[in-house]
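The values are calculated or read from the model by the stated rules, or taken from the named source; none is laboratory data. From a predicted model like this one, the values you see are computed outputs, not experimental measurements. Counting neighbours? That spans all protein chains shown, and the Cβs are built from the backbone with ideal geometry, glycine included.
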Amino acid sequence: LLWICICASIISSVTSSLTFHGHKVIQVQLETEEHVKLIKRMDKEFQFDFWHPDSSSRIAPKMTVDLHIHANHTDNILQRLKLNNIQFEILFHDLQTGIEAQLDNRRFHKSKKHSYMKYNDWETIAKWMSTMASKHSDLVSQLKIGETYEGRPMYVLRVGQSSPAGPAIFMDCGIHAREWISPAFCQWFVRELVSGYSKDEETKKLLTNLNFYILPVLNVDGYVHTWTKDRMWRKSRSPTSDCNCFGADLNRNFNISWCDIGASDEPCSEIYCGESAQSEIEALNVANFILSNLKSIKAYISIHAYAQMILYPYSYTYDLAPNTKELDEISKGAASKLYSLYKTEYVYGPSASTIYPTSGSSDDWAYSQGIQYSFTLELRDTGDYGFLLPEKQIKSTCKETTAAIIYIANYVLSHS
Ligand code: ARG
Ligand code: ZN
């Protein structure tokens, strides 16, 4: 068995990147229990890559489900959907074409120059972080919070002029590797703060009294993997007890009701909870960083894609959190600020009932540590492009999201 594992890992380390010619992404409208059963049965047979929700265990009648299906199975699957009168729409006829279309300027990408309007690879983001810290040393500092499983540094940018003991907001992007708009937003937001500091009073006031801790890429190994080997990768990259399967879902690995509802103990699952709570070094590093700054961190914000939602605890139970009313008010205000720019509609509410229940998630964990203002944002879109949101939409997505986060930050500042 050991030899098979070694062989498998050698093979996987030399193989080139996966392509998705002929793969499709479909949006299926489930009406009845029969529909749900059929999708679950086909998932066992064909192993769908669920785009939304995150796994077949979460699907129910009256639900819209986005599925990535393998080229070899498309005819068979589409035929069976038709036979069973299940409505569906094809989002990507050829996923490889969609992946290539996401980057709108190939020549630019060859240059590896950092751009806020492009998706940047890890190397470019890392270089950008140290440039920001040295160029704006009065406002920005770079902190290393640990290393990933594969040994890459995890950096947080601290933005703000409050003393380190003053109130702070922690925000992370890129827990899930394939959600590229998320790291793009964290980068955009840092620039927005830095340029706003000298240009507008609101940002200046915010940064004089509050610090932001921004982690632009939490799952660095996974993010690198999406650029080099598999665009559709979600999890971390640590080995598991099954030598064919790597990584845990970092948003199922935190030490809160670990590996319960909405998580799986199977290493090959996309929502694998890991070997134990915070077994993943990336989750552990984040938890330790937050714990060591717990006195100052007043809010936790995690940026994901896609669904257009503002979510607050709980996720691991349908029970309502003690300050639900307040969290709902804040979300409502943030969603309306967001809407005011381009009329992008967001839904908001408790995570479990608004998107689906999950356990071991970072927002619930932060909340359990006494951080009362804990949010997860699911950015654009609602499935037209899904994880492959074109670069053309980075600017508007980031601008509207900035409006929402600034709203939350102002609220937090005036209530702490
Ligand atoms: N889409 C994210 C995930 O699957 C978030 C789901 C909601 N859960 C939460 N804890 N906010 O991990
Ligand atoms: Zn996510």
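Listed values, structure above:
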quantity: Close pairs from region 335-347: first in contact (Cβ under 8 Å) with a residue 12 or more places away in the chain, partner among the basic types (Lys, Arg), Cβ under 7 Å, at least 6 apart; calculated: Leu341/Lys399; Thr344/Arg380
quantity: Residue list for region 187-228, filter: among the polar types (S, T, N, Q), surrounded by fewer than 23 Cβ atoms within 10 Å (Cβ to Cβ) and touching a residue at least 60 places away in the same chain (Cβ under 8 Å); calculated: Thr203, Asn209, Thr228
quantity: Matching entry among His136, His114 (being more than 22 Å from Glu391 (Cα to Cα) and at pLDDT 95 or above); calculated: His136
quantity: Close pairs from region 28-56: first in contact (Cβ under 8 Å) with a residue 12 or more places away in the chain and within 16 Å of ligand 1 (Cβ to nearest atom), partner among the polar types (S, T, N, Q) and outside any loop (DSSP other than H, G, I, E, B), Cβ under 8 Å, at least 6 apart; calculated: Phe48/Ser56; Phe50/Ser56; His52/Thr64; Ser55/Ser264
quantity: Candidates Asn209, Asn219 - the one that is in contact with a Leu (Cβ under 7 Å, 6 or more places away or on another chain), within 16 Å of ligand 2 (Cβ to nearest atom) and not basic (Lys, Arg); calculated: Asn219
quantity: Per-region count, region 249-281, residues in contact with a Leu (Cβ under 6 Å, 6 or more places away or on another chain) and closer than 16 Å to Gly174 by Cβ; calculated: 1
quantity: Single residue of Arg252, Arg237, Arg231 found to be surrounded by 18 or more Cβ atoms within 10 Å (Cβ to Cβ), modelled with pLDDT of 95 or more and touching a His at 6+ places or on another chain (Cβ under 7 Å); calculated: Arg237
quantity: Verdict on Thr376 being under 25 Å from Thr64 (Cα atoms), part of a loop (DSSP other than H, G, I, E, B) and at pLDDT 95 or above; calculated: no
quantity: Residue match in region 366-373 (condition: at pLDDT 95 or above, near ligand 1 (Cβ under 9 Å from one of its atoms) and surrounded by fewer than 24 Cβ atoms within 10 Å (Cβ to Cβ)); calculated: no
quantity: Boolean, Arg41 is basic (Lys, Arg) and at pLDDT below 95; calculated: no
quantity: Filtered residues of region 345-359 (kept if surrounded by 20 or more Cβ atoms within 10 Å (Cβ to Cβ), more than 9 Å from ligand 1 (Cβ to nearest atom) and not in a strand (DSSP E or B)); calculated: Tyr346
quantity: Region 389-402: number of residues that are in a helix (DSSP H, G or I) and farther than 17 Å from Val347 by Cβ; calculated: 9
quantity: Filter result (within 16 Å of ligand 2 (Cβ to nearest atom) and within 26 Å of Ser163 (Cα to Cα)) within region 288-328; calculated: Tyr300, Ile301, Ser302, Ile303
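Quick grid of which residues meet (1) closer than 30 Å to Gly370 by Cα; (2) in a loop (DSSP other than H, G, I, E, B); (3) polar (S, T, N, Q); (4) under 16 Å from the mean Cα position of the chain (by Cα):
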{"residue": "Met232", "(1), (2), (3), (4)": "no, yes, no, yes"}
{"residue": "Ser257", "(1), (2), (3), (4)": "yes, yes, yes, no"}
{"residue": "Ile261", "(1), (2), (3), (4)": "yes, yes, no, no"}
{"residue": "Glu270", "(1), (2), (3), (4)": "yes, yes, no, yes"}
{"residue": "Asn285", "(1), (2), (3), (4)": "yes, no, yes, no"}
